[in-house]
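Reviewing the structure listed below.
The values are calculated or read from the model by the stated rules, or taken from the named source; none is laboratory data. These figures come from a predicted structure and were not determined experimentally. So basically every Cβ, Gly included, is an ideal-geometry build from the backbone, and we count neighbours across all protein chains shown.
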Amino acid sequence: MDGIIFDIDGTLWDSTDPVAASWNQAIRENSSLDLTIDAGTLSGLFGKTMTEIGNILFPGMPEEEKERLLTICMEQENLYLEDHPGIFYNGVIETIKKLAEKYPLFIVSNCQCGYIEVTVRSGGLESYIRDHLCFGETQVPKGQTLRMLMDRNGLKDPVYVGDTQGDADACREAGIPFIFAEYGFGDVPDAERRIRSFSDLCGMFL
């Protein structure tokens, strides 16, 4: 194994409450929609691309207006998270620091540009995450984004840690092993490798 790649939402942290707050503010101030988003709604959407989330939350809205509102929501989200960060799961910060002593660590997410940077800064993890890539940069499915990150870092045999069936499918497309974070938002019944807490990765790889 020559690297570990992480998902963010449902794997490293839970940001559903602050993200819901930021999106609700953006929607109130920039649209006439009678819509309130809660953390439960977001937990079922995290893992999808931002385009998919926009289509689910704003069905029937003209594409140009949907794109405008989605962009505002994402920008508001990044700004809000700087002062109201998500909650890292138990053991995440300590485990990443330990794993980084032996392996190069990376992040791939279906999020917008800027979100990974906010997450990493919030945890003081800038010196431990070697590289990252997101849907906002690539505009392609996660399996392809994984391959792009692998190619530019010369990775031949990494693993990916995530929490949804979409993550598992992306790993299958990219041809790399998947480790299912059972404590996250999704369910992957057929996952062969699982962790019940993030710190389980120490026992698995150290």
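Here are a few things to note about the model shown:
Quick grid of which residues meet (1) crowded, with 21+ Cβ neighbours inside 10 Å; (2) of a type outside the set (A, V, I, L, M, F, W, C); (3) under 18 Å from the mean Cα position of the chain (by Cα); (4) not in a strand (DSSP E or B):
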| site | (1), (2), (3), (4) |
| --- | --- |
| 2 | no, yes, no, yes |
| 17 | no, yes, yes, yes |
| 20 | no, no, yes, yes |
| 25 | no, yes, no, yes |
| 28 | no, yes, no, yes |
| 34 | no, yes, no, yes |
| 41 | no, yes, yes, yes |
| 51 | no, yes, yes, yes |
| 59 | no, yes, no, yes |
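- Some residue of segment 86-93 being farther than 29 Å from residue 159 by Cβ, at pLDDT 90 or above, β-branched (Val, Ile, Thr) and assigned to a helix (DSSP H, G or I): no
- Qualifying residues in segment 139-153 (those that are polar (S, T, N, Q) and within 12 Å of residue 170 (Cβ to Cβ)) - the one surrounded by the most Cβ atoms within 10 Å (Cβ to Cβ): 145
- Condition met for residue 161 (in contact with an Asp or Glu (Cβ under 7 Å, 6 or more places away or on another chain) and assigned to a strand (DSSP E or B)): yes
- Of the candidates 117, 65, 77, 101, the single residue that is over 23 Å from residue 184 (Cα atoms) and outside any loop (DSSP other than H, G, I, E, B) is 65.
- On the stretch given as segment 174-201, residues that are surrounded by 15 or more Cβ atoms within 10 Å (Cβ to Cβ) and either among the hydrophobic types (A, V, I, L, M, F, W, C) or not in a loop (DSSP other than H, G, I, E, B) (or both) total 13.
- Scope segment 136-160; condition closer than 18 Å to residue 184 by Cβ and either at pLDDT below 95 or in contact with a helix residue (DSSP H, G or I) (Cβ under 7 Å, 6 or more places away or on another chain) (or both); matching residues: 142, 146, 160
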